[in-house]
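Every read-out reported here was derived from the displayed coordinates using simple, explicitly stated rules and does not represent laboratory data. On a predicted model such as this, the values are computed, not experimentally measured, just so you know. Here Cβ is always computed from backbone atoms with ideal geometry, including for glycine, and neighbour counts include all displayed protein chains.
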Amino acid sequence: MAVPAHLITFMGKREIKFSLGTADPDLARIRFQGENAKLERLWHEHLNGRQHVMLSQRQISALAGEFYREMVAAHRDDPGHPLHWELVLKQDREKIGRRVPLIRRKIHMRMTFSSLARHVDMHVDIQSIIQGHAGDKVASDYGDAWIETAYREIMKIPKYDLK
């Protein structure tokens, strides 16, 4: 990936190379998009001096409430026909689907979880239990998969960054 000319000094090189760790073109495309987004965020923060923000569930709910109140206020006197809003929702779903098809979204969520699980040193057996994977060893079938253990490990994962 070529580094933009105005960022070469910041990056210390003209080109960035890294392995995506797969020969599957679809999976490679998904992984590349993730790595590209990280670089774009890094460059944006360097140029603008801003850091991305981590939001708690409470903050996300508060923002959703503000959005809801603004939409109700804007359309209170003339909300329009229900079919119009159904069309708007359909178009939004199609836009999201074109960006990341459903099968890729599912793969992306699993990959993101796997990456975060490794980041917090989650034991691979617990990770497999959470993801519903069958164990690759006979011993994987021994013992119980306690929900409390899975919950404790999930809670080690940092809150998801929305930017």
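A few notes on this one:
- Couplings 3J(HN,Hα) of segment 151-156, computed from phi: 4, 4, 5, 4, 5, 6 Hz, in residue order, whole Hz [Karplus 6.51 cos²θ - 1.76 cosθ + 1.60, θ = phi - 60°; x for Gly and Pro].
- Gyration tensor (alpha-carbon) shape descriptor, segment 1-70, a/c threshold 1.5: oblate
- Taken about its Cα centre, segment 56-99 carries a charge dipole of roughly 320 debye when the Cβ of each Lys and Arg holds +1 and the Cβ of each Asp and Glu holds -1.
- Three-way shape call for segment 56-99 based on the alpha-carbon gyration tensor, with the a/c threshold at 1.5: oblate
- The amide H of residue 120, built 1.01 Å from its N in the peptide plane, has no neighbour under 5 Å, considering only residues 5 or more places off or on other chains.
- Options 62, 96, 72, ranked by Cα towards positive dipole end of segment 56-99, top entry (Cβ charges): 96
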